[in-house]
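The values are calculated or read from the model by the stated rules, or taken from the named source; none is laboratory data. Keep in mind that this is a model prediction, so the values were computed, not measured. Counting neighbours? That spans all protein chains shown, and the Cβs are built from the backbone with ideal geometry, glycine included. Side chains are part of the model used for accessible areas, which takes the heavy atoms of the whole protein and leaves out ligands, DNA and RNA. Shrake-Rupley method; radii C 1.70, N 1.55, O 1.52, S 1.80 Å.
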Amino acid sequence: SSASATTDATAPPMVKYSIPFLGNTIEYGIDPVKFMIKCQKIYGDTYTFLMLGRKMTVCLGADGNNFMFNVKIKDASAEGAYETLTVPVFGSEVVYDVPNPIFMEQKKFVKDSLSTAAFKAYVPIISGEVKGYLSSLFANVKGEQEIEIETFEAMSELTIRTASHCLMGKEIRDGFNTGKVTKLYHDLDAGFAPINVFFRWLPLPSYFARDNANREMTNFFKSIIKKRRANNTETLDVLNGLMKAEYKDGSRPSDDAISHLMIALLLGGQHTSSTTSSWMLFELARRPEVIADLLKEQSMVLTGKPDTPAHLLPELTLESLKQLTLMDCVMKETLRLHAPIHTIMRLVENDVRHKDFVIPKGHFICAAPQVSHLNETRFPKAERFDPVRHVGSDEGSGEWTINGVDIAQKSAKSLFLPFGAGRHRCIGEQFAFIQNKTIIALFIREFSHRLSVDAKTGKEVFPVPDYTSLIAVPKAPRNLMVKRRSVVA
Ligand code: HEM
């Protein structure tokens, strides 16, 4: 609610700093989660810190989440917070380049394309990609010889192959084989470097590469759209859905808009998903007993017996994947401890009231799911990886709707929000679960893995998060030792 008439309310407490403009930038930058928890102990759930001259008001706790995720669009906007960074990468007419109600319709187009029929078709596509990639990794490896893999690189490759194949279609997927699309993808991705938030008009070389990549990628999508139209091609990917989409006013998204939305999906789902499968592997590496339970679960679900050898397990389907509930819990627990998006932001457009405070226009308000995820009351022994705590809970995997009952809104009071809540809630959640559950299920069937060991210290290496970009990925060194499972005849 607006606070213009109130006189008793004040701005939130300001976190101490010594250097003007720079403020708390460095401490936040090194470890935002640690910094926000430290400040929470001193200032409470609502406080403001200074980052490169910007006033960032952190809103913690279930009330903070609810406020942040359900704030009215006239009071605070995602566009104001993300536009500078995303519009040049994604392109015009979509996402944060359009008024939010239009983007809401665009999200609905994507959501509608991600139907049960589509998901059914995706599972064998993902399985095929995973098997193909893993066998290429091990092409020159004999028997049970152990190799060291760069986990995040391997998972990034799997993510991009599976996502592009399912969501964009075979034409784009094949573009990654020729290297054509790979180069464009990397130039676009480089456009997300945090420096770009602050120096929008600096003529950095990466800007030209980014803008050029956006143009070329757009043209590539447009040529595919033309071909599909000419041949009346029908597929179950999102591109197909967008080509048929119609706004409420009867107009249709232009071919540029369709292409730009595809770029947004490609980039929005890439690091979030690849960091998740990477952390899943790292967490499992220290817990062979959980891997044994996961294999037993696959065996039970797929063959009705607990001990079918891994290499004899049948193909996964959407139905069987849904029954892998322990795998579900492993993914949720991984997201709890390693939420890919550590800070979610909005720009305050009108003074807005939260609890006893008035947060002034021009501040950024921030939610921090990772801080909620470490709440000791909600998650006892919060630092401990314990998948079983999610058994029977559907929290965090709620439905998402626009016009009907807003279940997402209800869940905004939650302390488990890896996919956000409210109008900006993730639409890729179900896809991410299908994709990552399949990747990990097939990986553990074929391979056993363990943490690598530091040559100098002799200690196992469990990576720390790298917070320098918008998405917390495991920081290098992030290798795993992997070998084929022995096949007992
Ligand atoms: C929004 C997390 C995968 C597309 C969000 C938000 C979060 C999130 C926290 C809310 C952002 C905000 O409120 O500002 C994740 C995680 C993922 C994941 C943890 C994987 C484990 C994906 C995938 C796609 C995707 C695979 C695409 C297929 C989107 C879109 C939005 C969104 C379009 C809406 C942004 C908005 O309305 O402003 N995601 N995401 N995400 N995500 Fe995801």
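Quick check: residue separation of Lys413 and Ser486 times 0.36 nm, minus the Cα distance between them. What number comes out in nm? Before the final figure, lay out the partial values.
Details: separation 73, 0.36 × 73 = 26.28 nm, distance 4.74 nm.
So the extension gain works out to 21.5 nm.
How big is the charge dipole of segment 220-260 about its Cα centre, in debye rounded to the nearest 20, if each Lys and Arg gets +1 on its Cβ and each Asp and Glu gets -1 on its Cβ?
Working: 8 positive and 6 negative charges, 33 e Å.
The dipole magnitude comes to about 160 debye.
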For this session: List the residues of segment 155-183 whose backbone N lies under 15 Å from a point placed 7 Å from the Cα of Leu137 along the Cα-to-Cβ direction.
Result: 155-162
Exercise. In terms of modelled amide H atoms, which long-range or inter-chain residues lie less than 5 Å from the amide H of Met14?
Worked result: Thr48
Exercise. At what distance in nm do the modelled label points of Ala121 and Val388 sit from each other, each positioned 7 Å from its Cα along Cα→Cβ?
Worked result: 4.2 nm
For this session: Name all residues of segment 351-385 having a backbone nitrogen under 20 Å from the label point set 7 Å from the Cα of Ile30 along its Cα→Cβ direction, giving them as ranges.
Result: 371
For this session: Tell me, rounded to the nearest percent, the portion of alpha carbon pairs in the chain spaced more than 28 Å apart.
Result: 55 percent
Seminar exercise, completed: If the chain between Asp249 and Ile42 were fully extended at 0.36 nm per residue, the gain over the current Cα-Cα distance would be 69.4 nm
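State the percentage of accessible surface on the chain attributable to carbon and sulfur atoms; use a 1.4 Å probe and exclude ligands, DNA and RNA.
On the way: 12280 of 21760 Å².
Carbon and sulfur together cover 56 percent of it.
Taking DSSP loops as anything outside H, G, I, E and B, show the longest stretch in the chain free of GluC sites (Glu not before Pro) there with at most 15 other beta carbons within 10 Å.
1-143
Find, among the chymotrypsin sites (Phe, Trp or Tyr not before Pro) in segment 112-213, those assigned to loop by DSSP (not H, G, I, E, B) with at most 15 other beta-carbon atoms within 10 angstrom.
On the way: sites: Phe119, Tyr122, Tyr133, Phe138, Phe152, Phe176, Tyr185, Phe192, Phe198, Phe199, Trp201, Tyr207, Phe208; in loops: Phe138, Phe192, Phe199, Trp201.
Passing both the DSSP loop test and the Cβ count: Phe199, Trp201.
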Exercise. HN-Hα J couplings of segment 44-53 from phi, Karplus 6.51/-1.76/1.60, θ = phi - 60°, integer Hz, Gly and Pro as x?
Worked result: x, 6, 10, 7, 10, 10, 9, 10, 6, x
Seminar exercise, completed: Counting only residues 5 or more apart in sequence or on a different chain, those whose built amide H sits under 5 Å from that of Lys361 are Asp351, Val352
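So what is the relative contact order for the chain, in percent, with contacts set as C-alpha pairs under 8 Å and at least six apart?
Values: 755 pairs, mean separation 123.5, N = 489.
Over the chain, the number comes to 25 percent.
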Seminar exercise, completed: Averaged per residue, the 1.4 Å probe accessible area of segment 141-298, protein heavy atoms only, in Å², is roughly 44 Å²
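Once the piece of chain linking Lys183 and Ala476 is laid out straight, how much longer is it, given 0.36 nm per residue of separation minus the C-alpha distance between them?
Numbers: separation 293, 0.36 × 293 = 105.48 nm, distance 2.23 nm.
That works out to 103.3 nm of additional length.
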Problem set entry | Label-point separation, Ser206 to Ser469 (7 Å along Cα→Cβ), nm | 0.9 nm
Problem set entry | Mean separation of Cα contacts under 8 Å (6+ apart) over length of segment 133-252, as relative contact order % | 25 percent
Exercise. Out of residues 5 or more away from Phe447 or on other chains, whose amide H comes under 5 Å of its own, with H placed 1.01 Å from N in the peptide plane?
Worked result: Arg485
For this session: Lys and Arg at +1, Asp and Glu at -1: add these up for the other residues within a Cβ distance under 15 Å of Val352 and post the number.
Result: +2
Exercise. Do the alpha carbons of any pairs in Lys183/Lys248; Lys437/Lys483; Lys72/Lys108 sit beyond 26 Å of each other, and which pairs?
Worked result: Lys183/Lys248
For this session: Have a look at Val461, Pro474, Ser486 and report the one farthest towards the positive end of the charge dipole of segment 446-489, computed about the Cα centre with Cβ charges (Lys/Arg +1, Asp/Glu -1).
Result: Ser486
Problem set entry | Separation of the His311 and Arg286 label points, Cα + 7 Å toward Cβ, nm | 3.2 nm
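From the Cα gyration tensor of segment 1-111, with a ≥ b ≥ c the square roots of its eigenvalues, which class applies: rounded if a/c is under 1.5, or else prolate if a/b is larger than b/c, or else oblate? Numbers along the way, then the final one.
Numbers: a/c = 2.07, a/b = 1.49, b/c = 1.39.
Prolate, because a/c is 1.5 or more and a/b exceeds b/c.
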For this session: For an R0 of 35 angstrom, estimate the FRET efficiency from the Cβ-Cβ distance between Glu146 and Glu376 and round to the nearest 0.05.
Result: 0.35
